[in-house]
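Structure first, commentary second.
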Amino acid sequence: GPLTLTLGNFESLDGMEQITSSRWSSFIERAQINDALGNTRRLGASVGFKSADNLFRIDGGLFAAHSIDASLDNKGWIAAARATYAPYVGPGFVHLGLNFQHREFQENNGATALTAGSGSPSTGQLVRYRARPFLQTTAQRFADTGNIAAEGDDIFGAEAYAVFKSLHFGGEVQYAKVRAYKAGDKLTGLDQFSSTSQVVPTGKPSFWGGHFEVGYFLTGETRGYKNGTWDRTKVLNPVDKGGMGAFQIIGRVDYLDLNDSKLQKGCTNNFATGVCTPLSVASGLAKGGSQTGYLAGLTWIPTDYVRFLVNYIHTEAEGGPFAATVDPTSTSPVNKRGYSSDAIALRAQFDF
């Protein structure tokens, strides 16, 4: 039928890149905006509608604000929605999508709340946006806002892809608006922070990121797609039947901007007294930063259920918490200092 009900631990209706299983993602790691915003699976429920031809789909749901861990967070919540349309165009099709998340962080009752881009949540209504340099095997984050006292945020996303036989291209963008606390705020009771002094911006900061990619199957395959997400690629000549498998080349540009003058010119607010101490120039400029990744990949799919991926990753960072350390003699402002890194990543995977 046209209606579906989903219950359990699943993606909170964020973008296609995050919802798609890592079994058939383009690169070894997902786009960095998902890391920065803390997009992940949550406990929740959603209701969906699909058209008779399954070209149009829309889903809406409610979720716990935190992923499953020892915090037992059950007071924060997320309302989310996603709509997609995938009409046929000539020899292929396009995928168009919009997604939205309204996230409320829980009160400060000693439990833990959402920390974007981190496996270690902060206490109370603190949020931290940060991202690794396209590798989950490192703990370094070149772009990092630090903790911000906030009630919640709103995330808007757009998706656009096209598949024409062996060629596919497109990308996504996500924009987050933070509903931050402000200078002079006072909190009592369950809303009070366990440590009363927290960083607040001069307004409601916003952050964004996006990527664009182009891929091509040298052996004639078409990228798999089903129900509004990427799906398994069917190998035309698998090695278990005497063939060579499928070979895919792919490139991507991925940008993340965690800079906002409202944050960099913020202050440390005492939520018991309402007194806010301005951040030093150096510490303010070190918050946030931007990060651009230039990625190239080669994927070999010998059979439908086996993949080997090699990725080359060049990362350009500007500003952020490491800028002063990397280039301590520079006379440029911390948020204008740039540096780069290079990495090669390999993955061998099979699923069953």
### Matching residues in segment 109-135 - criterion: being assigned to a loop (DSSP other than H, G, I, E, B) and modelled with pLDDT of 90 or more
Arg132, Pro133, Phe134, Leu135
### Query
Quick check, is Tyr312 among the aromatic types (Phe, Trp, Tyr), in contact with a strand residue (DSSP E or B) (Cβ under 9 Å, 6 or more places away or on another chain) and surrounded by fewer than 16 Cβ atoms within 10 Å (Cβ to Cβ)?
yes
### Query
Is at least one residue of segment 164-173 open to solvent by less than 20 Å² (accessible area, probe 1.4 Å), outside any loop (DSSP other than H, G, I, E, B), of a type in the set (A, V, I, L, M) and over 30 Å from Lys287 (Cα atoms)?
no
### Message
For segment 233-261: of the residues being more than 22 Å from the chain's Cα centre (by Cα) and among the basic types (Lys, Arg), which is least open to solvent (accessible area, probe 1.4 Å)?
### Response
Lys234
### Query
So, in segment 18-50, of the ones that are open to solvent by 10 Å² or more (accessible area, probe 1.4 Å) and among the charged types (D, E, K, R), which residue ends up farthest from Gln291 (Cα to Cα)?
Lys50
### Message
Just the residues that are closer than 16 Å to Lys165 by Cα and crowded, with 16+ Cβ neighbours inside 10 Å, please, taken from segment 217-232.
### Response
Phe217, Thr219, Glu221, Thr222, Arg223, Tyr225, Trp230, Arg232
### Summary
Of the listed residues (Ala158, Ala180), the one being open to solvent by less than 50 Å² (accessible area, probe 1.4 Å), among the small types (Gly, Ala, Ser) and under 14 Å from the mean Cα position of the chain (by Cα) is Ala158
### Message
Can you find a residue that is at negative phi and over 27 Å from the mean Cα position of the chain (by Cα) anywhere in segment 204-217?
### Response
no
### Query
Out of all the residues in segment 187-204, is one or more open to solvent by 40 Å² or more (accessible area, probe 1.4 Å), modelled with pLDDT of 95 or more and among the hydrophobic types (A, V, I, L, M, F, W, C)?
no
### Query
Can you find even one residue in segment 279-286 that is within 19 Å of Asp35 (Cβ to Cβ) and under 23 Å from the mean Cα position of the chain (by Cα)?
no
#### Entry: Top-ranked residue of segment 51-68 - restricted to ones that are open to solvent by 20 Å² or more (accessible area, probe 1.4 Å), touching a strand residue (DSSP E or B) at 6+ places or on another chain (Cβ under 8 Å) and not aliphatic (A, V, I, L, M), ranked as modelled with the lowest pLDDT
Ser67
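The values are calculated or read from the model by the stated rules, or taken from the named source; none is laboratory data. Worth saying up front: this structure is predicted, and the values here are computed from it rather than measured. FYI the Cβ positions are ideal-geometry reconstructions off the backbone, even for glycines, and counts take in every protein chain you see. All accessible areas refer to the heavy atoms of the entire protein, side chains included, with ligands and DNA or RNA removed. Shrake-Rupley method; radii C 1.70, N 1.55, O 1.52, S 1.80 Å.
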